[in-house]
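A quick write-up on the structure given underneath.
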Amino acid sequence: MADNSLAVIVLAAGMGTRMKSALPKVMHPLAGRPMIAHLMGTVNELGPDRVVVVLGPDMEDVARAVAPAQTVVQSDRLGTGHAVMRAREALGDFAGDVLVLYGDTPLLTSATLERLVAERRGPADPAVVVLGFKPEAPNHYGRLVVGGEGLKAIVEWKDATPEQRNIPLCNSGVMAIDGRRLWRLGGRLTNENAKGEYYLTDLVALARADGASCGFVLGESDELAGVNSRAELAMAEAAVQRRLRGRAMEGGVTLIAPDTVWLAWDTVLGRDVVVWPHVVFGPGVTIGDGVTIKGFCHLEGCEVAEGAEIGPFARLRPGAKIGASAHIGNFVEIKKATIETRAKVNHLSYVGDARVGEGANIGAGTITCNYDGFQKLFTDIGAGAFIGSNTALVAPVTVGDGAVVGAGSVLTRDVAADALAVARGTQTEIKGGGERFRTAKRAAKAAAEKKR
Ligand code: UD1
Ligand code: MG
């Protein structure tokens, strides 16, 4: 009886020395989350029965990033074959299909993995199916040796003959293996080779020696690119961004200059959102239908409701909630504040730890003074209030519904609903004082010049 259950083993015990980083390689982020989290997302799309991640020692942060997947530690990194055998500790005598992936190939898609698993479950009942590819620069990848009856062996570059090194078909590292045969075959792996490692790739020749068949499926190079250096990380980021932008546009978003817009893995954009050039979305952003985001805005951890207009040059920080049809203009920073429906904060303002009521208008240069050096304090501005330009609201402070605050005020006390408050020096005027001032100054200057 065929067992159609699926286990996935992700190998991630390597530190990735070429990254020259204190962070394990698989924790470097792409579109705002660790690359291993991208891969785990793809794995989850397959709906596997079991998932095991093989980690090196001291990789608790990786274990947290892959939770709830089970993890096993491979303390002595003796090769990819050895790493897979470490996963047996978690999988026991699992007898379904086993998919082996490498943690540093974040661009894999679930469609490709499904093709691989389908081939494994095909009529030939192969022991191993390998995902092969033809990279532009095959370099040091293992090579697939193919004959009339399918895949015969994988030879590692270091062990390959000059003829084998000319084979364009390479091993991506991704394999689907029949779990009924894996553990037995794996027990027969040796480290008698150029690298002195237990190669997972030797499973193919071992299975063939037993009379089993092996096969391969051809994959796309741009999906199989591994990340081993910062330059490759940047290339992977570019690839992830291209996918995210494509998905956004398919969903009904206009990106005027897609290459200049940076999205996060979880950015949610409604229909008919228009994003002008040079906008950066950090994690945790949700944008409602019909919102326009003009150029050079930076958003993270915020919500913008339908029909609002943001920017240019606006910064929405975590906890910013912008209501429907509200306007946030240039050089405005909003943090942990709710700007209600149709309210306007159009120029040069900081609004933090605050509520701006429905339809309120916040004048240019208004600042909520939310921090006294010890605590963050709240500012509450009522519906329809009008705050004059260059007002400082010293929190905690409340401005009632419909109140008007004169420009240049420094508010330290609450303002009642519909009141008019002015809190600034009183203007005085001296008749003819300007002319007297100029006469005195002219005379003083002339006297000083005569002396020289
Ligand atoms: C491996 C393949 C090679 C293939 C290439 C694709 C083998 C023997 N060779 O070579 O055919 O073309 O990948 O990139 O498998 N790992 C562990 N524990 C170990 C060793 C490795 O977890 O003891 C993990 C690494 O963290 C990495 C992955 O396995 O994620 C691959 O290991 P790596 O050393 O990069 O293998 P390659 O030499 O690149
Ligand atoms: Mg490698």
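Observations
- Neighbours by Cβ (under 6 Å, 6+ apart or cross-chain): first from the range 250-264, surrounded by fewer than 18 Cβ atoms within 10 Å (Cβ to Cβ); second not hydrophobic (A, V, I, L, M, F, W, C): Gly252/Arg271; Ile256/Pro277; Ala257/Pro277; Thr260/Pro277; Thr260/His278
- Test: residue in the range 23-46 that is part of a loop (DSSP other than H, G, I, E, B), within 20 Å of Gly173 (Cβ to Cβ), of a type in the set (A, V, I, L, M) and within 16 Å of ligand 2 (Cβ to nearest atom): no
- Boolean, Trp276 is open to solvent by 60 Å² or more (accessible area, probe 1.4 Å) and in contact (Cβ under 8 Å) with a residue 40 or more places away in the chain: no
- Filtering the range 214-247 to residues that are in contact with a strand residue (DSSP E or B) (Cβ under 8 Å, 6 or more places away or on another chain), hydrophobic (A, V, I, L, M, F, W, C), more than 15 Å from ligand 2 (Cβ to nearest atom) and open to solvent by less than 20 Å² (accessible area, probe 1.4 Å) leaves Cys214, Val217, Val240.
- Exclusive hit being of a type in the set (Ser, Thr, Tyr), in the same structural domain as Ala308 (by TED's automatic domain parsing) and within 21 Å of Ala314 (Cβ to Cβ), set Ser389, Ser409: Ser389
- The combined condition, being on the phi > 0 side of the Ramachandran plot, assigned by TED's automatic domain parsing to the domain that holds Thr341 and open to solvent by less than 30 Å² (accessible area, probe 1.4 Å), is not fulfilled by Gly323.
- Subset tally (residues that are open to solvent by 60 Å² or more (accessible area, probe 1.4 Å) and either of a type in the set (Phe, Trp, Tyr) or within 16 Å of Ile381 (Cβ to Cβ) (or both)) for the range 418-435: 2
- The listed residues are Trp262, Trp276, and the only one of them that is over 30 Å from Ala176 (Cα atoms), among the aromatic types (Phe, Trp, Tyr) and touching a helix residue (DSSP H, G or I) at 6+ places or on another chain (Cβ under 7 Å) turns out to be Trp262.
- When Lys344, Lys335, Lys294, Lys376 are checked against the criterion of being closer than 25 Å to Thr412 by Cβ and either crowded, with 20+ Cβ neighbours inside 10 Å or of a type in the set (Gly, Ala, Ser) (or both), Lys335 stands alone in meeting it.
- Annotation: Gly226 fulfils all but one of (1) within 23 Å of Met19 (Cα to Cα); (2) small (Gly, Ala, Ser); (3) at pLDDT 95 or above; the unmet one is (3).
- Restricting the range 64-91 to residues that are of a type in the set (Gly, Ala, Ser), open to solvent by less than 30 Å² (accessible area, probe 1.4 Å) and away from ligand 2 (no atom under 15 Å from the Cβ), the residue that is nearest to Lys195 (Cα to Cα): Ala87
- Checking the stated criteria, Gly96 turns out to be among the small types (Gly, Ala, Ser), more than 9 Å from ligand 1 (Cβ to nearest atom) and crowded, with 16+ Cβ neighbours inside 10 Å.
- Here the condition is being out of contact with any Cys (no Cβ under 6 Å at 6 or more places or on another chain) and open to solvent by less than 30 Å² (accessible area, probe 1.4 Å); of Ser389, Ser349, it holds for Ser349 alone.
- Residues being more than 16 Å from ligand 2 (Cβ to nearest atom) and either surrounded by fewer than 23 Cβ atoms within 10 Å (Cβ to Cβ) or more than 18 Å from Asp178 (Cα to Cα) (or both) - total across the range 128-138: 2
- Single condition Thr105 does not satisfy, out of (1) part of a helix (DSSP H, G or I); (2) surrounded by 15 or more Cβ atoms within 10 Å (Cβ to Cβ): (1)
- The range 194-217 - residue that is without any contact (Cβ under 8 Å) to a residue 12 or more places away in the chain and either outside the structural domain of Asp76 (by TED's automatic domain parsing) or in a loop (DSSP other than H, G, I, E, B) (or both) and, of those, nearest to Leu131 (Cα to Cα): Gly211
- Subset of the range 1-20 that is out of contact with any strand residue (DSSP E or B) (no Cβ under 9 Å at 6 or more places or on another chain) and more than 14 Å from ligand 1 (Cβ to nearest atom) - its residue that is farthest from Ala118 (Cα to Cα): Lys20
- Set Val129, Val155, Val145: member being more than 10 Å from ligand 1 (Cβ to nearest atom), touching a Gly at 6+ places or on another chain (Cβ under 7 Å) and β-branched (Val, Ile, Thr): Val129
This table checks each residue for (1) surrounded by 21 or more Cβ atoms within 10 Å (Cβ to Cβ); (2) under 22 Å from Leu11 (Cα atoms).
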position: Gly150; (1), (2): no, no
position: Glu156; (1), (2): no, yes
position: Glu163; (1), (2): no, no
position: Thr190; (1), (2): no, yes
position: Leu203; (1), (2): yes, yes
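- Restricting the range 108-123 to residues that are among the aliphatic types (A, V, I, L, M) and in a helix (DSSP H, G or I), the residue that is farthest from ligand 1 (Cβ to nearest atom): Ala118
The values are calculated or read from the model by the stated rules, or taken from the named source; none is laboratory data. This one's a predicted model, so the numbers in the text were calculated from it and none came from an experiment. Reconstructed Cβ throughout: ideal geometry from the backbone, glycine too, with neighbour counts over all protein chains shown. Surface areas here come from the heavy atoms of the whole protein model, side chains and all, with no ligands, DNA or RNA. Shrake-Rupley method; radii C 1.70, N 1.55, O 1.52, S 1.80 Å.
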